[in-house]
Structures are given as structure tokens and as C-alpha cells.
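In what follows, a single structure is set out as C-alpha cells and then discussed.
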């Protein structure tokens, strides 16, 4: 195995195992920042040693043992209580004995579910600003580098690095417990966890800025986190509702971008290119959310809308009246001008373009939509269908001015030119 191959192996192992490693270390040292530092030290050691010694039979176990050695050293240097040293030392010694008996991996997995769940809830703690929760989640649970996260959200790397450092410092200063909360606190924190995963997915599915229409890596990370969470919390209906929504939306990814990289809107997509495995997984997750009593949850309702599209052969055969009804239900649990705008589009398909335009015009004075590019974009499309080309062109040009995504701007300007 060449040094390059070994480095690639280490990178792959880190991407897969880093969250488990950091979670287990955080349980020991009760400090996420220190846990990540210890895990990184183990990674550096692997980069130094494995090219000479070869990749161990169980790379994850090797990294864990190395990191725990580092933890003992760090605790001793910090002059913490000897009882803590002894506790970790005993745990390490037991695990090394298990490893010698080829049973280390089973022991490693004993608490890993609980540790990961604690890490998810800690990284998404409401004490952190929303953008900090997203960054820290991608860093700790996605295994992404600071540079990767910065590029994904189009901010300078030093800015993202500071954001992550501040987040870890805040968790330490506020003495946020490394635990899964119970009762009402758990429900509140779960909402924060789901929101973070939802935001990561949405940024990947429809990038708010930059040169790319999609960012598949972010979608994949959000899906991975959603699947992990569904496995760790199998009885939480909204977890399955969010997973259903992401699976169904992700099923369209291959059809949402043309060979030239330009966006392909829903009406123009070749549905034969939709990933049927993801469709089936999404429908199964939605069914599970429903059976758990979560059919009226915000994510499950959005997944139900996506399911209507997934079950239809084309735009015309889509059950638009049902989609309007689902949007009505969604507005009850998650009132939002954006939900109202999406409902207006469904109204235009169910009851005619004029009815849809009236619903859009009713949102004209919504302050939160004044700089939202999809409001003039939707209005322009409805005006175009009514053959009010001059008015449609103005709307498309305004939408192009408001969007920060280069691909979307090109699409809107092309629509504006077509109205001429």
C-alpha cells in the first residue's frame, strides 16, 4: 500500500469514525473542544505512523485507544483529580484487553449510540446562534474540515474557524451538560437538532448563493445525520418526518441540474431520472412517522407534499387539490409567508393561474418577503402564463437582482429575455 493510499484510507476512516470518536471522548472529558483536539491528535499520530507500520486491522479501535492515551496525558498535565485518571486508565486497560481478545469493536459500540445522541444534542444546543449550530454540527458530526464548511456557506475560512471556536467556548463557559435532555427540555432541544439538519439539507438542495445550483455534499451529510438520528430515536415521529422529506427531495437531485449545470425546474424534469430507491425510503419513513402519530408534524406535512409529487407521473396528474389542503394544514402548525407563497403556486395548479396570482398578490405587503427573490419569480411565471409579458419581464428582472445564486440568476434573466 502506497503512502498516498494510506492517507486516503485515513481520510475515509476519519470521515466515518470521527463523530463516534469525538462523542466517546466528550463523554470522558466533558468538553467538546478538548474531545475534538484529542481526536485530531490521534489522527495526526495515524498519519505519522501508519505509512511505516501499515493500517491496523481495526483502524477505529486504534484511533480510540490512541486518543484515550492522549486524554490520560492531558488530564495528568492539567492536575485533575487522580480518581478521574484512574477511571479512564481502568477503562483503557479493559478495552486494550478486549482488543487483544478481538472483542474491542463490540465493546466500542456498546455506548456509541448514546454518545452520538449526546453529541448531536450538545452541538445543536439553543444557547448557540443558529449559524454556529450548523457549523459545529458539520464539524463534529459530518467530519468536514473548516475549509469545507466555509466553502459550503461562502464565508472566509478564518470567519468560519472563529465561529466554530466561539461555539465550543460558549458550550464550555455555559457548562452545557454532555447529555440527552429529558421531558420538555428534550422536545425543545430536538426541535433545534431537526432544524439544523433541515437547514444543512436545504442549503445543499437549493444553494442560497454562489455558482452552483446544488451542493450534493451538504445534502448527503444531512441525510446521513437524519438516518443516524432515526436509528437513535426510532419512536420520535418528527425525526422520521424530516428523514422522509429529505429522502424524497433528494430523489430528484439528478433531474434538477442539466448537463450544462443549469437548473431544471420541477415542471421540466425527467421523472425517469428520479432515484426510486430514495423515493421508496422516503415513503417508508413517512409511513413510519404517520404510524407513530406524527402525520400533522411540520416535517411530515412537507414530506406529504413531496410524496404527492413522487407518486405522480407528471405535473398534470399531480393531486394539486390535496397539496393545497396539506399547505393549509402546514400553515396551522408552521405559519409563514413562504408557506403561503408555496401554497399560492399549488392554488395556481389546482384552481387556475388567475386564482394563484390573486393569492400571490395578497402577499405583496409582507415585509419578510420584500427581498425574497422567489416572490417576484413566482409572480413573473404566473404573469407569463397569463400572457402579460411586459409585467412578467419586470418581475423576472427583479428576482434576478435579488438572488445571490449565479445559476438561478442566469435562469431568471433568460426568462426575462424570453418575455421580450
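If you scan the range 123-138, which residues turn out to be touching a residue at least 60 places away in the same chain (Cβ under 8 Å), surrounded by fewer than 24 Cβ atoms within 10 Å (Cβ to Cβ) and assigned to a helix (DSSP H, G or I)?
130, 133
Only one residue in 144, 194, 214, 171 is within 14 Å of the chain's Cα centre (by Cα) and either part of a helix (DSSP H, G or I) or loosely packed, with under 15 Cβ neighbours inside 10 Å (or both). Which one? Spell out the reasoning first.
Working: 144 fails: either part of a helix (DSSP H, G or I) or loosely packed, with under 15 Cβ neighbours inside 10 Å (or both); 214 fails: either part of a helix (DSSP H, G or I) or loosely packed, with under 15 Cβ neighbours inside 10 Å (or both); 171 fails: within 14 Å of the chain's Cα centre (by Cα).
194 is the lone residue from the list that is within 14 Å of the chain's Cα centre (by Cα) and either part of a helix (DSSP H, G or I) or loosely packed, with under 15 Cβ neighbours inside 10 Å (or both).
When you look at residue 275, is it over 18 Å from the mean Cα position of the chain (by Cα) and crowded, with 16+ Cβ neighbours inside 10 Å, yes or no?
yes
Results for (1) touching a helix residue (DSSP H, G or I) at 6+ places or on another chain (Cβ under 8 Å); (2) loosely packed, with under 15 Cβ neighbours inside 10 Å; (3) closer than 20 Å to residue 304 by Cβ, shown as yes or no for each residue.
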| position | (1), (2), (3) |
| --- | --- |
| 330 | yes, no, yes |
| 340 | yes, no, yes |
| 344 | yes, no, yes |
| 356 | yes, no, no |
| 365 | no, yes, no |
| 369 | yes, no, no |
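Can you find a residue that is in contact (Cβ under 8 Å) with a residue 12 or more places away in the chain, at negative phi and within 23 Å of the chain's Cα centre (by Cα) anywhere in the range 344-365?
no
Which of (1) without any contact (Cβ under 8 Å) to a residue 60 or more places away in the chain; (2) surrounded by 14 or more Cβ atoms within 10 Å (Cβ to Cβ) is the odd one out, the single condition residue 233 does not satisfy?
(1)
Every residue, every condition in (1) under 19 Å from residue 256 (Cα atoms); (2) modelled with pLDDT under 95, yes or no:
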{"position": "307", "(1), (2)": "yes, no"}
{"position": "314", "(1), (2)": "yes, yes"}
{"position": "330", "(1), (2)": "no, no"}
{"position": "346", "(1), (2)": "no, no"}
{"position": "368", "(1), (2)": "no, yes"}
{"position": "389", "(1), (2)": "no, no"}
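Could you tell me whether the range 14-30 includes any residue that is in contact (Cβ under 8 Å) with a residue 24 or more places away in the chain, touching a helix residue (DSSP H, G or I) at 6+ places or on another chain (Cβ under 9 Å), not assigned by TED's automatic domain parsing to the domain that holds residue 170 and not in a helix (DSSP H, G or I)?
Within the range 14-30, not a single residue is in contact (Cβ under 8 Å) with a residue 24 or more places away in the chain, touching a helix residue (DSSP H, G or I) at 6+ places or on another chain (Cβ under 9 Å), not assigned by TED's automatic domain parsing to the domain that holds residue 170 and not in a helix (DSSP H, G or I).
So which residues in the range 316-327 are assigned to a helix (DSSP H, G or I) and touching a helix residue (DSSP H, G or I) at 6+ places or on another chain (Cβ under 7 Å), if there are any at all? Give the steps one after another, and end with the answer.
Taking the range 316-327 first, the residues assigned to a helix (DSSP H, G or I) are 320-327.
Correct list: 320, 321, 322, 323, 324, 326, 327.
What are the residues in the range 147-163 that are surrounded by 21 or more Cβ atoms within 10 Å (Cβ to Cβ), without any contact (Cβ under 8 Å) to a residue 60 or more places away in the chain and assigned to a helix (DSSP H, G or I), if any? Spell out the reasoning first.
Residues of the range 147-163 that are surrounded by 21 or more Cβ atoms within 10 Å (Cβ to Cβ), as a first pass: 149, 152-153, 160, 163.
Among the residues that remain, those that are also without any contact (Cβ under 8 Å) to a residue 60 or more places away in the chain are: 149, 153, 160, 163.
Selection gives 149, 160, 163.
Test residue 269 against the criterion of being over 12 Å from the mean Cα position of the chain (by Cα), outside the structural domain of residue 144 (by TED's automatic domain parsing), surrounded by 16 or more Cβ atoms within 10 Å (Cβ to Cβ) and under 15 Å from residue 203 (Cα atoms), and give yes or no.
In short, no.
For residues in the range 290-303 being in a helix (DSSP H, G or I) and within 19 Å of the chain's Cα centre (by Cα), which is surrounded by the most Cβ atoms within 10 Å (Cβ to Cβ)? Please lay out each step first, then the result.
At the first step, the residues of the range 290-303 found to be in a helix (DSSP H, G or I) are 290-291, 298-303.
Pick out the ones that are also within 19 Å of the chain's Cα centre (by Cα) and you get 298-303.
On the way: 298: 22, 299: 27, 300: 28, 301: 24, 302: 24, 303: 30.
The residue in question is 303.
Kindly indicate the residue of the range 197-211 that is under 20 Å from residue 403 (Cα atoms) and assigned to a helix (DSSP H, G or I) and also farthest from the chain's Cα centre (by Cα) among those meeting that condition.
Checked the range 197-211; the qualifying residue farthest from the chain's Cα centre (by Cα) is 205.
Please go through the range 16-42 and pick out each residue that is modelled with pLDDT of 85 or more, under 21 Å from residue 5 (Cα atoms) and surrounded by fewer than 19 Cβ atoms within 10 Å (Cβ to Cβ).
Passing the criteria: 40, 41.
The values are calculated or read from the model by the stated rules, or taken from the named source; none is laboratory data. Just so you know, these numbers come straight off a predicted model, no measurement behind them. Please note: Cβ atoms are built from the backbone with ideal geometry, for glycine as well, and neighbour counts cover all protein chains shown.
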